[in-house]
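Written below as structure tokens is the structure these notes are about.
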Amino acid sequence: MTPLLLLGLLQTAEPPIRPSAALGFEPGTDSMLADWKQVSGYMNTLAQQSPFVRVDTLGRTTEGRPFVLMTITSPANQNRLADIKRGQGLLADPRRLTDVELEDLRAKQPAVILISNNIHSTEVASSQMGMTLAYRLATDPAWRRLLDSVVVLMIPSMNPDGLDTVVSWYRRYKGTRYEGGPLPWLYHKYIGHDNNRDWFMLTQVETRLVTRMLYKEWFPEIVYDVHQMGTNGVRLFVPPFQDPVNPNLDPALVEAMNLVGTQMAAALYDAGLTGIAHQQTYDLWWHGGFRSTPTRHNMVGILTEAASTRLGSPITLSIDSVRQPGRGVNYAAPWPGGTWHLGDIVRYELITSHALVRLAARDRINVIDRFVSVGRRAIDDGLAGNPFAYVLPPPPDQRDPEAWSTLANVLAAGGVEVWRAAESFTADGKTYAAGSLVVPMGQPYRAHAKDLLEAQHYTPVADRPPYDVAGWTLPFTMGVRADVVNTPFRANLVKVDSVTPTPGRIEGSGEIFFLKNRTNAESRAVAALLGAGQMVTVVGDSLMVRGPRARAILAEQAARHGFTMTAVRTAPGGGVTRQRLPRIGLYQPWTGNIDEGWTRWLFEQYGISYTTLHDADVKKGGLRQRFDVIVLPDADGSSILRGVDSTRIPLQYAGGLGDVGADAVSAFVLGGGTLVCLDGSSNFAITRLNLPVVNVLAGEASGPQVLRFYAPGSIFGVVLGGVEGPRSPVTLGVSDSLEVYFENSAAFTVSAPARALATYPDRPLRSGYARFEERLAGKAALVEAPVGSGRVILFGFRPQFRGQTHGTFKLLFNAVLLAAP
Ligand SMILES: [Zn+2]
């Protein structure tokens, strides 16, 4: 479009409507919250009225709402977005970038930044702020001028479902004693607050939509994630972050994060605001959050964390009740206390956002140059070796073909180049078969791939725990073999966008089928078989399957998911035969339990039907008549028993199971039921059922902190076996040694008739951090305890942690599908 035509268009357009005119209130007004229909509706109107604003729907959320990306830039840039995206793709991969192209891009490519709001739905201010930000960018001449040099991508809410969940809860209890109080359920259908812990595993649709946009389409140089924290600390955290720095982060990015943060802080102080802190709580160790994954993609990733209000309602804090450091270089002006409004957060966040846009516009060429130089350094470092590549040999050198393909697909979806060997090759003296997957480190997103494939060795700074978990190594959590190769090698490689396991098959002939049960896909098949009324029998270390539909179901599942089984003509005798899916109850406390959400999500992924049980359903009793298996998610024992106090949450959600519910659970077990306790809920069962089991780490909660065992999110090895009597169905098909995920979890000593199914060896730590790991040696990680005519299965770790631990899903599947008689 020519400048003349553009001018004509601008002059004839209606002036864009203000958010206050569209909503009937100014965003940030006390006790007024716009929901997703209002927010997205306003953004759409603005896009119709302003040539600076464009709205795209990237896809649908978990619950079906439109997931929206806004592109705000000058009309001239709007008219060449395809060119700009192509340019970003070149900058992101300097191998494809010629010197001439770089000079051309330095001359005319705008900087591209992403501002993401409201990933945590109760941190609601940014969802409101975004409307004012978009309006100002589109209409204020001083802001608009910046848009020749910068493309502002904005996600108005990273979780529109959750925004509506929170706004409707807030409106429902506004004006009551529960105004602004906690929700009794998760604000993301499955994973609640963990929606900001899914950024490498990509299990949820929202994560996948944004990841695709970031690393396949837009490649922004700076990503800003807008958060809130508790109510009574500093008013706003901005970078610099706290130590330690992950070894895979480029130093130029670390300094650029500092730079962005101090620019924001300076702008806030320029505006006369106070309470802005650096180097608090949030460190640069962890991988998996929305601000941390871009930093492994050569982007500057930052967050800010504002002090919260009670959703839309203000809070008042005296100076004495504010927990804040004294005046210093990291906190130049303490907050004097007073009333803190939603509008205050909006005001702070508008200033930080504006400071970022201004910095990106003014510093455009540096922003571009840094993106390229960090990418070049990643490639050069990878080509120099140490390591040179990771090799993931194909099945049968992988126990679970689907875990192997999923790991490759997680990397590829995150923008990592994955290659398949067309022929066998030799690397570091080992021969690898054709079909091996190769992840070379000489690629732009080396840091992301390396950080996911290698072991973490966290070293605390000033005895501080990491902000989130300490370790996340995917080959360990997923039970996938990934060999490190340190020296360059030659191989005939073909780049792949995704990997599917080679279709499995039925070997032999006959209508009786034997499964080794080594893969998660076989558990999915067992659920389908039992759901269709086929017969499944545990015979020795195998599963025997029979029934009129068995062949059709198994053939279909094997072809899709890559496991192989044997058919025979005659069945041996013995074994326990099941012919229907166990009736599974999954307890959902009214505390918004994230582990419950992950469990539910996992069961749905594998076709395992369940019934959600609330406190009232349990208290009603008669559980044994209705269920074969009850699963208690990870939760503090006292929170299961007592829940949330009725002063904080409406009565119908208050109080937990109570003694009546706890007794009903005990009666269920004594009457022949199977109770599966995940991690913290084990303590509940040990106490209520008087199990001959001790959680030896329960006592670690007392005593001086430096003397306590401590492992805040680490991967430990365990060994199976050493168990008297027949193999438990819980470990059927599971490798004799495997890695488990441990997040301040439990470890047990047991007496008969309880027995340990998995035990920690002498030095169990594989990745992450553990203080006094020797205290785990010889302790049980997984326990089966017969009680009355039923049984309890205690997981002292997290078998389905954040949807990542494919290597231990099987134990949970066996516990719910096979352990009940
Ligand atoms: Zn947050």
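The values are calculated or read from the model by the stated rules, or taken from the named source; none is laboratory data. Being a predicted model, the structure only gives us computed values, none of them experimental. We place every Cβ from the backbone using ideal geometry, glycine too, and count neighbours over all the protein chains shown. When the accessible area is computed, the model is the full protein with side chains, heavy atoms only, and any ligands, DNA or RNA have been set aside. Shrake-Rupley method; radii C 1.70, N 1.55, O 1.52, S 1.80 Å.
Structural remarks
- The stretch 549-577 and the stretch 485-530: distance between their alpha carbon centers, rounded to Å: 15
- The stretch 608-763: C-alpha gyration tensor shape, a/c 1.5 cut-off, then a/b vs b/c: oblate
- Solvent accessible area, Å² - His120, 1.4 Å probe, full protein context: 10
- The fraction of accessible area contributed by carbon and sulfur in the chain is 51 percent, rounded to a whole number (1.4 Å probe; ligands and nucleic acids excluded).
- Accessible surface of His354, taken over heavy atoms with a 1.4 Å probe and every protein chain present, rounds to 40 Å².
- Estimated at the nearest 10 Å², the accessible area of Met229 is 40 Å² with a 1.4 Å probe.
- Convex hull volume per residue in cubic angstrom - Cα atoms of the stretch 422-511: 195
- Length added when fully stretched, Tyr173-Asp762, from 0.36 nm per residue minus Cα-Cα: 206.7 nm
- Percent of alpha-carbon pairs separated by more than 54 Å within the chain: 13
- Efficiency of FRET from Cβ geometry, Thr611 and Arg505, R₀ 45 Å, rounded to 0.05: 0.80
- Anchor Lys108: aspartates and glutamates whose Cα lies under 20 Å away (excluding residues fewer than 8 positions away in-chain): Asp83, Asp93, Asp99, Asp148, Glu217, Glu221, Asp363, Asp369
- About its Cα centre, the dipole of the stretch 59-103 is roughly 260 debye, where the only charges are +1 on Lys and Arg Cβ and -1 on Asp and Glu Cβ.
- Two-site label geometry, Ser424 and Arg60: point separation in nm, points 7 Å out along Cα→Cβ: 4.8
- Estimated FRET transfer efficiency when R0 is 22 angstrom, pair Asp380-Ser498 (beta carbons, to 0.05): 0.20
- Taking every DSSP bridge with both residues inside the stretch 194-309, close to 15 percent are antiparallel.
- Partners of Lys174 within straight-line reach, counting aspartates and glutamates whose Cα lies under 18 Å from its Cα and excluding those fewer than 8 residues away in the same chain: Asp30, Asp35, Glu123, Asp164.
- Protein heavy-atom accessible surface, 1.4 Å probe, per residue over the chain: 36 Å².
- On the beta carbon distance between Ser646 and Thr316, with R0 = 22 Å, the FRET formula returns roughly 0.35.
- Projecting label points 7 angstrom from Cα along Cα→Cβ for Ala559 and Asn744 puts them 4.9 nm apart.
- For the stretch 284-332 versus the stretch 75-95, the gap between their alpha-carbon centres in whole angstrom: 32
- Straight-distance crosslink candidates among lysines, where the alpha carbon sits under 23 Å from Lys516 and sequence neighbours closer than 8 are dropped: Lys810
- Full extension of the segment from Arg727 to Asp541, taken as 0.36 nm per residue of separation minus the current Cα-Cα distance, would add 66.2 nm.
- Per-q log10 I(q)/I(0), the stretch 312-428, q = 0.13, 0.16, 0.19 Å⁻¹ (Debye; single scatterer per alpha-carbon; no solvent): -0.84, -0.94, -1.13
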